[in-house]
1. Just checking, does the range 133-147 include any residue being in contact with a Phe, Trp or Tyr (Cβ under 7 Å, 6 or more places away or on another chain), surrounded by 14 or more Cβ atoms within 10 Å (Cβ to Cβ), assigned to a helix (DSSP H, G or I) and modelled with pLDDT of 95 or more?
2. Only residues in the range 173-191 that are assigned to a helix (DSSP H, G or I) count as the first member; pair them with residues that are among the aromatic types (Phe, Trp, Tyr), Cβ under 8 angstrom, at least 6 apart or cross-chain, and list the lot.
3. Within the range 218-230, track down each residue that is within 17 Å of Val7 (Cα to Cα) and surrounded by 20 or more Cβ atoms within 10 Å (Cβ to Cβ).
4. Name the residues in the range 7-34 that are surrounded by 14 or more Cβ atoms within 10 Å (Cβ to Cβ) and within 30 Å of Pro142 (Cβ to Cβ), would you?
5. Would you check if there is a residue in the range 148-157 being at pLDDT 95 or above and in contact with a Pro (Cβ under 7 Å, 6 or more places away or on another chain)?
6. Select from the range 162-204 the residues that are modelled with pLDDT under 95 and touching a Gly at 6+ places or on another chain (Cβ under 6 Å) and write down the one among them that is farthest from Leu46 (Cα to Cα).
7. Looking at Ser30, Ser48 in this structure, which one is at pLDDT 95 or above, under 18 Å from Trp74 (Cβ atoms) and among the hydroxyl-bearing types (Ser, Thr, Tyr)?
8. With respect to Tyr191, determine if the residue is closer than 15 Å to Ser261 by Cα, aromatic (Phe, Trp, Tyr) and surrounded by 14 or more Cβ atoms within 10 Å (Cβ to Cβ).
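The values are calculated or read from the model by the stated rules, or taken from the named source; none is laboratory data. These numbers were taken from a predicted model, which means no experiment stands behind them. Glycine gets a Cβ as well: all are built from the backbone with ideal geometry, and neighbour counts include every protein chain shown.
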Amino acid sequence: MPPLTDVALILGINAALCFASFVVLWLIGSAIKDVTFIDAWWALGLASMGVATFVQADGSAARMQLLTALVCLWGLRLGGYMLWRWRHHGPDRRYVKMLERAQEKKGWSYSTAAWRLVFALQAPILWVTSLPVQLGQMSTTPAAIGIVGWVGAGIVVFGILFESLADWQLVRFKANPANAGKVLDSGLWRYTRHPNYFGDLCVWFGLWLIAAETGWLGIASIAGPLLLLTMFLRYSGGPSYEKRLTHQRPGYAEYIARTSSLIPWPPKTS
């Protein structure tokens, strides 16, 4: 196990880099009056924490390379997709409404609302979520990746493929004008209402398994995936998104009733 002072130093440097990146992005968002790109940085920023640790840490080379390669593969894929979606569809109305409400009801400026409701909240969440790719790179033992680590790597690859397929199915569905106002309930979306979230969770619990082989330091990084799971279940786009669609899209309440929320499962029969 590395000295705790070294661990604290790397974590501290990464926290400072994370905070600085969100300050820069906040300034950009305030200037263009759009913060939608923060969804792309969520993936790219998590990958950046893996890269920053790779540069600083002195752990097992094989584990460092595996963790960094996997998180970059996931982050670049998802971040690139979110950037494309932003440029293709424009500002996310969730952010637009949230910031407009804050300006109207609280009297905040756009810049203040963006910082307090978006950037200042997401920075610490991103840092905690990325703990598996931070702490998992700091130990030199074991030098080789074991069965648990390779199982974790397999789960990560499965998660990336799963959410990539889900995103492709959603883009294809929306591209057909005949589907306007309809509910996507085929493909992976037939078995879970949030296949993209399920894929993300597979990725981060898989990365945690790779980190957990290093001992208690890696095991402690479970805080990251657990925070991500909590956000998905209670505070993220899922609950708010579904509440809005239930009122706006015919058939969505029935879709909720028969389809698993997160874990893929055969739909209920009426």
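1. For the range 133-147, residues in contact with a Phe, Trp or Tyr (Cβ under 7 Å, 6 or more places away or on another chain), surrounded by 14 or more Cβ atoms within 10 Å (Cβ to Cβ), assigned to a helix (DSSP H, G or I) and modelled with pLDDT of 95 or more: absent.
2. Here the result reads Asn179/Phe173; Leu188/Phe162, each pair linking the range 173-191 to a residue that is among the aromatic types (Phe, Trp, Tyr).
3. To start, the set of residues in the range 218-230 that are within 17 Å of Val7 (Cα to Cα) comprises 218-224.
Answer for the range 218-230, where residues must be within 17 Å of Val7 (Cα to Cα) and surrounded by 20 or more Cβ atoms within 10 Å (Cβ to Cβ): Gly218, Ser221, Gly224.
4. The answer is Val7, Ile10, Leu11, Ile13, Asn14, Ala15, Leu17, Cys18.
5. Residues of the range 148-157 that are at pLDDT 95 or above, as a first pass: 148-157.
Next, from what is left, pick out any that are in contact with a Pro (Cβ under 7 Å, 6 or more places away or on another chain): none.
Within the range 148-157 (the criterion being at pLDDT 95 or above and in contact with a Pro (Cβ under 7 Å, 6 or more places away or on another chain)), the answer is no, since none of the residues qualifies.
6. Val183
7. On the way: Ser30 fails: under 18 Å from Trp74 (Cβ atoms).
Only one candidate qualifies: Ser48.
8. Values: closer than 15 Å to Ser261 by Cα: yes; aromatic (Phe, Trp, Tyr): yes; surrounded by 14 or more Cβ atoms within 10 Å (Cβ to Cβ): yes.
So Tyr191 passes the test.
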